[in-house]
Amino acid sequence: MFSQFTNVQLISAAVILILVIAAAVVGFVDRRGKRTLAFRNRFGSEYDRAVLEHGSSRNAETKLADRETRVDALKIRELGVIERGTIRHRVANRAIPLRRSPQGRGH
């Protein structure tokens, strides 16, 4: 199969193949590093806790990305002046009960 190629051609092809593989590995490692840095900057100490909890940076980044997607899907908006006043009034008058932690303390 390779008898039609000269040794120089085979060596050249092998060197090119090795260079392509090396470039792909360097690109992958660089992209992972940039992704990890972006997650660290976005989540801060929560990133470190997620790595400890999930056992690897890859698992932690997957979980944090899932969380980010869920949060982005929420319709979070600022309350208007009237809504804020209504909620303050209801909380002050205990129309909205405070949530209790399992130990019985509010949070």
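None of the figures in this text is laboratory data; all of them are computed from the coordinates on show. Remember, it's a predicted structure, so these values are computed and weren't measured experimentally. Note: ideal-geometry Cβ built from the backbone for every residue, glycine included; neighbour counts use all protein chains shown.
One line per residue, one yes/no per condition, for (1) surrounded by 10 or more Cβ atoms within 10 Å (Cβ to Cβ); (2) polar (S, T, N, Q); (3) touching a Pro at 6+ places or on another chain (Cβ under 7 Å):
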residue	(1), (2), (3)
51	yes, no, no
59	yes, yes, no
62	yes, yes, no
72	no, no, no
78	no, no, no
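Once the range 1-57 is narrowed to residues that are over 29 Å from the mean Cα position of the chain (by Cα) and hydroxyl-bearing (Ser, Thr, Tyr), the residue that is nearest to residue 69 (Cα to Cα) is 12.
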